[in-house]
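**Q** Before I ask anything, here is the structure I am working with.
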Amino acid sequence: MKTRRSKEDWLDHGLTVLAQSGIKAIKAEPLARALNVSRGSFYWHFRDIDEFHLALLGRWQTVRTNGIIAEIDQKGEDGERLKHWMRKAMVGDNALERAVRAWATQNQHAAATVATVDKIRLKYLEEVLSSDGLSSQQVTARAAFLYWGYVGRIMIGHGASKLRPLQLDGIAASVLA
């Protein structure tokens with residue numbers, strides 16, 4: 001056994017395993033082996049696997065929602081945030097999102113976290129659209145439609161056609177028109 005691992009190391013590795021293999025692969029011993037530490041390190045940070053699961057959901061929310069919102073807000077001013085959101089949401093691998101949503105079909109804590117995350121993300125989209133001058137009625141409908149597209153892309157997975165950044169920028173511009 002080599003180095004000490006922080007709670008965040010465990011959680012980040014847990015998110016990687018969740019994305020690759022699903023919730024059934026989240027077990028203390030295999031995680032410890034992969035991190036090259038003893039199983040005791042797991043129990044130093046987490047009381048049990050249930051506590052780890054809850055912390056994993058919290059880490060997913062922090063990294064994949066709060067962190068992305070902060071990143072988009074830093075990059076773009078009003079008028080640009082939707083483009084940044086589109087590029088972030090509609091490009092890249094969504095294995096982790098699919099895994100969390102699959103987990104949510106079987107677990108009430110995961111389902112509650114997904115529902116909370118969906119509300120936060122949808123509210124953020126509404127704020128972005130509102131700041132670009134759309135009416136409240138337009139904001140609600142367009143934010144919902146964009147988010148449905150995002151969730152649909154997640155669930156389609158690798159079979160989804162790939163949109164180039166300029167195509168996404170064009171879609172963002174048409175949503176704001």
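**Q** How much of the accessible area of the chain, in percent, comes from carbon and sulfur atoms when a 1.4 Å probe is used?
**A** Percent of accessible area from carbon and sulfur atoms in the chain: 54.
**Q** May I ask you to rank Thr65, Thr3, Thr113 by accessible area, largest first, using a 1.4 Å probe over the protein chains only?
**A** Thr3, Thr113, Thr65
**Q** Across the chain, where is the longest run that never hits trypsin sites (Lys or Arg not before Pro) in a DSSP loop with at most 11 other C-beta atoms within 10 Å?
**A** For trypsin sites (Lys or Arg not before Pro) (loop position, at most 11 other Cβ atoms within 10 Å), the longest site-free span of the chain is 48-161.
**Q** To continue, here is another question. Among the listed pairs Lys7/Lys27; Lys7/Lys83; Lys88/Lys119, which are separated by more than 22 Å between their Cα atoms?
**A** Correct reply: Lys7/Lys83.
**Q** Please tell me the relative contact order of the chain in percent, rounded to the nearest whole number, where contacts are Cα pairs under 8 Å and at least six residues apart.
**A** Normalised by residue count, the contact order of the chain is 23 percent.
**Q** Any chance you could give the angle, 0 to 90 degrees and rounded to 10, that helix 7-21 forms with the longest Cα principal axis of the chain?
**A** On a 0 to 90 degree scale, this one is about 70.
**Q** Then there's this: When the helix-only estimate is applied to the chain (DSSP H runs of n ≥ 4, each -39,500 (n - 2.57), divided by the residue count), what is the mean residue ellipticity at 222 nm, nearest 500 deg cm²/dmol?
**A** It comes out at -23000 deg cm²/dmol, rounded to the nearest 500.
**Q** What's the angle, to the nearest 10 degrees (0 to 90), between helix 108-131's Cα axis and the longest principal axis of the chain?
**A** Rounded to the nearest ten degrees, it is 30.
**Q** Quick one: 3J(HN,Hα) in Hz for the range 85-98, Karplus 6.51/-1.76/1.60 with θ = phi - 60°, rounded, Gly and Pro as x.
**A** Working through the residues one at a time gives 4, 4, 5, 6, 7, 9, 10, x, 7, 10, 4, 5, 4, 4 Hz.
**Q** Could you state the accessible area per residue of the chain in Å², with a 1.4 Å probe and every protein chain left in place?
**A** Result: 57 Å² per residue.
**Q** Which value, in debye to the nearest 20, describes the size of the charge dipole of the chain about its Cα centre when Lys and Arg Cβ atoms bear +1, Asp and Glu Cβ atoms bear -1, and nothing else is charged?
**A** Its charge dipole is roughly 620 debye.
**Q** Roughly how tilted is helix 136-156, in degrees to the nearest 10 and between 0 and 90, from the longest Cα axis of the chain?
**A** 40
**Q** Select from Phe42, Gly79, Gly22 the residue farthest towards the positive end of the dipole of the range 1-81; place +1 on Cβ of Lys and Arg, -1 on Cβ of Asp and Glu, and compute about the Cα centre.
**A** Positive-end residue among those listed: Phe42.
**Q** Shifting gears a bit: Could you tell me the accessible area of Leu54 in Å² (1.4 Å probe, neighbours in place), rounded to the nearest ten?
**A** Spelled out: Leu54, probe radius 1.4 Å, area about 90 Å².
The values are calculated or read from the model by the stated rules, or taken from the named source; none is laboratory data. Since the structure is predicted, the reported quantities are computational estimates derived from the model, not experimental observations. When we count neighbours, we look across all protein chains shown, and the Cβ atoms used for this are built from the backbone with ideal geometry, even at glycine. For the accessible areas, the whole protein counts, side chains as well, though only heavy atoms, and no ligand, DNA or RNA atoms are used. Shrake-Rupley method; radii C 1.70, N 1.55, O 1.52, S 1.80 Å.
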